[in-house]
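Taking it in order: structure first as structure tokens, then the write-up.
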Amino acid sequence: MVGVRSIIAIDPGYARGGKGCAVAEFLDARLVRVYFARAESACPPPYRVDVVAWEIPTADARSRAKDANVLIRLAAAGASLAGVLAQATGATIEAVTPVQWKGATAKPVQHARMWRSLDAIEHALLGGDATLTAIRAAQRKGALDRWGKPGGAYYPASFATHNLLDAVGIGMWRLGR
């Protein structure tokens, strides 16, 4: 988008044993870094950021996050990290809903679409061929199940990269990419 040089996109995460929020950094509309972070251990990039976009968690009939406490914890983690990074980089903060960045599309389907518009260097940041294989497997499982569960449920529990893919999706949406 015109005037936006760099974006940090956040997919919230809070589990005690988890890695924190998934973060994707874009500089000049290119994905340059993905990682997990928490507000208390955030390490902002050394460049000015225009926008920190974070996903506001929502619940629907298929969601695992129907419990209000889960939604509150996710929102607090995402908003806290967004605030820390915005303060450190001079960025504005924008809250994004899942419907805004992916519509009603299941996450594995959206991830496959995103993958096609990323280049080889960006693929490598996200795990390369192993990630593409996981996306395709999740698409197959979801299609066979007629998408009866939330899209993230079709990835193995150990595949935390799906959260990074969500952060990338948020950033790409914000960039109009």
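Things to note:
- Each part gets one Cα centre, and for the stretch 127-177 versus the stretch 43-112 those centres are 16 Å apart.
- Each label point was placed 7 Å from the Cα along the Cα-to-Cβ direction; for Ala157 and Gln87 their separation is 3.5 nm.
- Mean Kyte hydropathy of 0.0 or more with a Cα span along the axis of at least 24 Å, helices from DSSP in the chain: 68-89
- Proxy reagent accessibility, fewest Cβ within 10 Å first, across Tyr47, Tyr154, Tyr35, Tyr14: Tyr47, Tyr35, Tyr14, Tyr154
- Spin-label pair Ile56/Arg116, simplified geometry with 7 Å Cα→Cβ offset, distance in nm: 3.1 nm
- Put simply, the amide H of Ala91, placed in the peptide plane, has neighbours under 5 Å in Val49, leaving out anything fewer than 5 places away on its chain.
- Kirkwood estimate for the stretch 6-175, i.e. one over the average of 1/r between Cα atoms, Å: 16.0 Å
- The GNM of the chain, with springs linking C-alpha atoms under 10 angstrom apart, assigns the highest mean-square fluctuation among Val70, Val49, Val23 to Val70.
- Förster radius 22 Å - calculated FRET efficiency between Lys19 and Ala68, Cβ distance, rounded to 0.05: 0.40
- Spin-label zone in the stretch 74-113 - amide nitrogen under 20 Å from a point set 7 Å from the Cα of Arg146 along the C-beta vector: 104-109
Bear in mind that the values in this text are calculations on the coordinates, not laboratory data. Note that the structure is a prediction, hence the values are computed from the model and not measured. Cβ sites come from the backbone with ideal geometry, for glycine too, and all protein chains shown count toward neighbours.
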